[in-house]
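Accompanying notes for the structure given below.
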Amino acid sequence: MRKKVKKLIQLSLFNDSEFSIQPKVEEVVVDNNKLNNSNVIKNISYDQKEILWNIMQLYNQGRPFDCDMTASKLKFYEYSKKAKYNIPEPKYLFDVFPQSDKIKKIEPLGKLPLEDNSIDSIVIDLPFVISPPNAPSAKSDKKGSMIIFNRFYAYYPVDEMYRSYMHWISEAYRVLKENGTCVFKTQSTISGGVQHNTEEYSYMCAQKVGFTGEDKFYLQAKARLISSGKIKQQQHARKYTSVFWVFKKTLKKKNKNFNYFDLVENMYNEEINRQ
């Protein structure tokens with residue numbers, strides 16, 4: 001289908017005293033059968049269901065995901081007639097802390113009750129909060145106090161988070177068939193005045209176990225919960241984005257992506273030898 005749309009063109013107009021930019025409107029023809037800015041799949045969205053839908057189309061042949069091992073309250077799969085995107089519920093639903101009778105409980109560092117090389121796709125959305133369970137803010141009944149902690153499981157100490165990420169990425173690799181897809185959602189976090197780059201760490205874990213990094217989507221937030229308690233002076237930027245990684249289980253001989261571990265090692269050795 002071809003249609004005419006109005007496009008805003010910025011024209012630069014100069015005179016002796018100033019530089020100004022004024023708009024000019026012209027009509028252009030858009031062919032909806034070809035990629036353009038109105039129909040191309042973008043790597044950024046305010047809607048996580050749009051991101052999941054787009055990953056399904058690009059990397060899962062438009063099919064529903066087979067498994068969600070962090071299903072929790074099934075928020076990804078809530079159906080709404082008003083929603084532009086509705087994600088079908090996966091066949092296999094697991095969680096360490098299941099919030100529905102549909103979801104089967106798994107152990108924090110246990111195994112998924114699935115055979116090796118048995119599914120085509122898996123979704124993982126691990127916690128990123130780091131806090132001891134007896135922290136005053138975690139036990140407080142004050143409205144708005146540590147809402148994120150009360151809504152999701154928290155890790156403590158921080159090594160528990162890193163260990164969990166590596167474990168579940170390894171498990172995903174085990175149960176996926178060749179060319180299977182792992183959708184891994186995460187975001188960097190701050191704890192004890194230290195920024196933990198879980199987005200980059202997740203990628204490193206995935207590449208270490210054999211995955212290739214196929215794509216990266218950013219979920220933007222228009223607002224975030226702001227700590228109302230102990231932090232008086234901001235030390236780091238508040239995180240308003242989460243990341244959806246798309247990892248593929250591809251045989252190494254077919255893998256054309258860079259192995260960044262090898263690349264960094266090679267480049268470092270070259271630099272040392274040049275000195």
Spot the failing condition for L58; the list is (1) more than 30 Å from K91 (Cα to Cα); (2) outside any loop (DSSP other than H, G, I, E, B); (3) at pLDDT 55 or above, and only one is missed. (1)
Filter the range 89-107 for residues that are out of contact with any Ser or Thr (no Cβ under 7 Å at 6 or more places or on another chain), surrounded by 13 or more Cβ atoms within 10 Å (Cβ to Cβ) and not aromatic (F, W, Y) and give the result. E89, P90, L93, V96, P98, I103, K104, I106
Residues of the range 61-75 being at pLDDT below 95 and not in a loop (DSSP other than H, G, I, E, B), in sequence order, are K75
Enumeration of residues in the range 183-205 that are within 13 Å of the chain's Cα centre (by Cα), in contact (Cβ under 8 Å) with a residue 24 or more places away in the chain and assigned to a helix (DSSP H, G or I): T198, E199, Y201, S202, Y203
Just checking, how many residues over the range 131-182 are assigned to a loop (DSSP other than H, G, I, E, B), surrounded by 15 or more Cβ atoms within 10 Å (Cβ to Cβ) and either at pLDDT 95 or above or more than 17 Å from the chain's Cα centre (by Cα) (or both)? 6
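The values are calculated or read from the model by the stated rules, or taken from the named source; none is laboratory data. Only a predicted model underlies this, so the values are computations on that prediction, with no experimental measurement involved. Virtual Cβ from ideal backbone geometry, glycine too; neighbours counted across all protein chains shown.
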